[in-house]
Amino acid sequence: MYHSVGEPGPTFGVGRAPFLQHLEWIRSHKTVSGLLELVEQARSKPVADDAVAVTFDDGYLDNYECAIPACVERGIPATIFIAWDALGSPAFRGGLPMMSRDHVRELAALPGITIGSHTLSHPKLSRLDPEVQRRELCDSKAVLEDWLGKPVETFCYPFGDYAPGTVELVRACGYRLAVTTRVGAFRVDRPFEIPRIPVSRFSESILEATLTQGYLLYAKAAGRC
């Protein structure tokens, strides 16, 4: 799970040089699939131990300028979760500029790139009543589909936050999967609560530890436990 890719970046971002190193390591050591394809595969047969999927949250301009072109150049599929109302903002989280609606349309046409929804306004969904949650979930899907002319089937909970009833709302809106910011093992029977590993300011060696030996080793290497 990536956010911003650039220099200098906020604490939830990663520099461009380390990011490119990450991609080279992933390409050399892992089997990379699109997120939806990986989940669909898991429903019919075991997923390979070296399987990974790359995702980006929010829709930062540096994703359009650097991160996604780098993925496409290396043949690495990626899913970008877009917060629709934030598009075109000169200063979103961390004061970072966001890509435009036209940028999103351009990226959606690239090979291996999937656009997912990250709601309209990037709220903490657990703080909203069910009807407002439904609008954030369903309307963001509808507006993206109208803009892109293709189905939007993947969703990401802003801040990884959701209430017990939110999962059913996501399902009812017609999504096929949803991802969180929680770390853990993927369960095929919980496609609307898929865990991910956050990637921020750490080295290639920590990325390798994360993807080969689990989150606990990553947490120790990063000084988080």
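Values as computed for the structure displayed
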item	result
Residue in the stretch 84-96 that is in contact with a helix residue (DSSP H, G or I) (Cβ under 7 Å, 6 or more places away or on another chain), closer than 19 Å to S33 by Cα and either of a type in the set (D, E, K, R) or modelled with pLDDT of 95 or more (or both) present	no
Check on A67, touching a residue at least 12 places away in the same chain (Cβ under 8 Å), buried (at least 20 other Cβ atoms within 10 Å of the Cβ), of a type outside the set (V, I, T) and in contact with a helix residue (DSSP H, G or I) (Cβ under 6 Å, 6 or more places away or on another chain)	no
Subset of the stretch 155-176 (residues that are at pLDDT below 95 and assigned to a strand (DSSP E or B))	none
Residues that are within 16 Å of the chain's Cα centre (by Cα), free of Cβ contacts under 8 Å to residues at least 60 places away in the same chain and over 17 Å from P198 (Cα atoms), drawn from the stretch 25-64	S33, E37, L38, L61, D62, Y64
Odd one out for S44, checked against (1) touching a strand residue (DSSP E or B) at 6+ places or on another chain (Cβ under 8 Å); (2) not in a strand (DSSP E or B)	(1)
Near pairs, Cβ below 8 angstrom, 6+ apart or cross-chain, from the stretch 146-163 (closer than 13 Å to R105 by Cβ) to any residue that is among the basic types (K, R) and in a helix (DSSP H, G or I)	W147/R101; W147/R105; L148/R105; V152/K141
Number of positions in the stretch 19-39 that are within 19 Å of A108 (Cβ to Cβ) and touching a Lys or Arg at 6+ places or on another chain (Cβ under 8 Å)	1
V179 being modelled with pLDDT under 85 and among the aliphatic types (A, V, I, L, M)	no
So H29, is it crowded, with 20+ Cβ neighbours inside 10 Å and modelled with pLDDT under 95	no
Within the stretch 41-58, tally of residues that are at pLDDT 90 or above and not hydrophobic (A, V, I, L, M, F, W, C)	3
Out of D189, D139, sole residue that is of a type outside the set (V, I, T), at pLDDT below 95 and surrounded by fewer than 20 Cβ atoms within 10 Å (Cβ to Cβ)	D189
Qualifying residue in the stretch 167-175 (condition: surrounded by fewer than 18 Cβ atoms within 10 Å (Cβ to Cβ) and of a type in the set (A, V, I, L, M, F, W, C))	yes
Qualifying residue in the stretch 103-115 (condition: under 26 Å from L169 (Cβ atoms) and over 16 Å from the mean Cα position of the chain (by Cα))	no
Meets criteria (over 15 Å from the mean Cα position of the chain (by Cα) and of a type in the set (A, V, I, L, M)) for L87	yes
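The values are calculated or read from the model by the stated rules, or taken from the named source; none is laboratory data. Note that the structure is a prediction, hence the values are computed from the model and not measured. We place every Cβ from the backbone using ideal geometry, glycine too, and count neighbours over all the protein chains shown.
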